[in-house]
């Protein structure tokens, strides 16, 4: 089960400190509620690596029983592009966001906002 945003549309887009990544109201709300801005940092750090590979991605964090997590970016069809093991996280829920490349920025949104 993944975190569900209360937002079903966005009125604002926010720039991440890492260049090339923007995110919606729903993603901002999720990051604040779950205290997981590090998740956006992970996405932003991979923007240069995934640029030009596709225009749509799914990014997930799966909690593991040992307190760690698995960070994954795939193409939306289950074909993994990035996988990173997170040794420890205090995030209590699995998280999934969609990422679209609009040619200028990668926009991260909650599935409910897509």
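Bear in mind these aren't lab numbers, they're just calculated from the coordinates by the rules spelled out. This structure is a prediction, so every number in the text was calculated from the model and none was measured. In this analysis, Cβ positions are derived from the backbone assuming ideal geometry, glycine residues included, and neighbour counts consider all displayed protein chains.
Among the residues of the range 93-104, just one is in contact with a helix residue (DSSP H, G or I) (Cβ under 9 Å, 6 or more places away or on another chain) and over 17 Å from residue 2 (Cβ atoms), namely 101.
Contact map, the range 79-99: residues that are in contact (Cβ under 8 Å) with a residue 60 or more places away in the chain and at negative phi paired with residues that are part of a strand (DSSP E or B) and surrounded by fewer than 16 Cβ atoms within 10 Å (Cβ to Cβ), Cβ distance under 8 Å, separation 6+ or inter-chain. Pairs shown: 93/2; 94/2; 94/62; 95/2; 96/2. Anything in the range 93-114 that is within 11 Å of the chain's Cα centre (by Cα) and assigned to a loop (DSSP other than H, G, I, E, B)? List them, or say none. Within the range 93-114, 110 is the sole residue that qualifies.
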